[in-house]
Amino acid sequence: MKKIINYFKSENYQLKIKPEVFRTITVVFFTLVYSIGVAWFLEASKIPLYTSGIPGVAQLIRDFLHYFIGVNIANYERVIVGVLTVLLNIPILILGWVGVSKKFVIYSLVSVLIQAVVLAYMPIIDLGLSDTSYALTSTILGGLLIGIGIGGALRYGTSTGGFDIVAQYVSFKKGKSVGLITMLMNVVIGVLGGFITSGHIFDENGIPIAAGVVISYTILRLLISTLMTDRLHTSYQYTSVEIITSHSDEIVKDILVNLHRGVTLMNVEGGFTKSPKTLILVIISSYELSHLKQITHRIDPNAFMIVRPAKQVIGNFAKKTIA
């Protein structure tokens with residue numbers, strides 16, 4: 001038992017194993033949140049609502065086969081979405097492997113597989129949202145859950161796959177907002193979905209649901225999801241961190257070795273205690289903040305940290321791949 005306890009306290013576990021265990025739990029949790037938003041809210045709506053990314057494309061293909069081609073997909077609607085989610089993600093995962101991060105893609109693959117299984121086979125709980133009068137409720141709640149799922153996964157160095165990987169690739173190269181890029185790519189899904197289902201789905205009074213209604217609700221869902229994604233995910237924004245500590249040598253060494261970031265040191269003095277301390281100034285990408293907190297707390301639990309957003313960084317600052 002003592003060996004087990006010592007292992008969990010060891011530097012190898014704390015720096016290498018523990019972060020990966022946490023990231024695995026994170027990707028599973030946020031993928032489930034995302035999938036529930038799709039299955040229990042968007043798919044339950046009488047008015048067709050399309051989700052983000054590859055699952056949205058899968059919905060689009062399914063509806064095209066059903067309404068335009070006339071393929072009988074009864075009892076296979078969800079299975080089709082699940083299978084297409086995996087197949088369509090393959091070339092995007094390859095892009096992420098080459099241009100984003102191999103570890104990032106591995107976690108994204110885990111998310112994609114979970115999505116496929118959940119979307120195809122997870123029991124659906126009837127929340128009473130099948131009436132057209134509840135379409136707005138489905139849009140808002142589904143959009144919130146999808147945005148939380150996408151943004152939460154990205155925040156901790158993983159993703160739900162699909163367009164998230166494309167957005168990460170473009171963001172890394174161009175520094176643009178991940179949520180904005182994702183929204184632009186997904187608007188097309190909503191527009192096409194509206195035209196595909198137009199005239200084929202009817203409300204409770206037998207009136208066909210117009211394309212504009214489907215497009216409007218889907219774009220509203222996209223806006224909500226985008227806001228939540230950008231709210232939670234800040235991987236390509238910069239953060240200025242000031243750490244006031246009595247253990248500057250150990251903290252600086254860890255930052256240089258594990259975060260590969262440069263630091264600036266200033267000698268300061270406690271106003272009450274008059275004891276000498278060191279102020280460490282470091283600029284990081286915001287996704288590295290969690291790691292920096294772990295480093296600082298492990299070495300000096302009493303360290304004082306100030307975190308500020310940095311709108312621009314000019315000079316020798318390296319953008320790095322995530323995960």
Can you work out the base-10 log of I(q)/I(0) for the range 238-310 at q = 0.13 1/Å, using the Debye formula on its C-alpha atoms alone?
-0.33
About its Cα centre, the chain carries a charge dipole, from +1 on Lys and Arg Cβ atoms and -1 on Asp and Glu Cβ atoms, whose size in debye to the nearest 20 is 1220
Report, in deg cm²/dmol and to the nearest 500, the calculated mean residue ellipticity at 222 nm for the chain, where each DSSP H run with n ≥ 4 adds -39500 (n - 2.57) and the sum is divided by the residue count.
-18000 deg cm²/dmol
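Holding the Cα-Cα limit at 29 Å, pick out from 46/103; 18/311; 2/103; 102/253 the pairs that are longer than that. Please report the intermediate quantities before stating the final value.
Details: 46/103 39 Å; 18/311 31 Å; 2/103 32 Å; 102/253 26 Å.
Beyond 29 Å: 46/103; 18/311; 2/103.
Dividing the alpha-carbon radius of gyration of the chain by 2.2 N^0.38 Å (N being the number of residues), what value is obtained? Mind showing how you got there, number by number?
On the way: Rg = 23.2 Å, N = 323, 2.2 N^0.38 = 19.8 Å.
This ratio for the chain stands at 1.17.
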Just to be sure I understand the rule: take each whole DSSP H helix in the chain, project its Cα atoms onto its long axis, keep it if the span is 24 Å or more and its mean Kyte-Doolittle hydropathy is at least 1.0. Which ones pass?
18-36, 77-99, 102-121, 135-155, 178-197, 211-232
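Each value in this text was obtained by applying a stated rule to the coordinates, not by laboratory testing. Computed from a prediction, not measured in an experiment: that's the story for all the values here. Note that each Cβ is placed from the backbone with ideal geometry, even for glycine, and that neighbours are counted across all protein chains shown.
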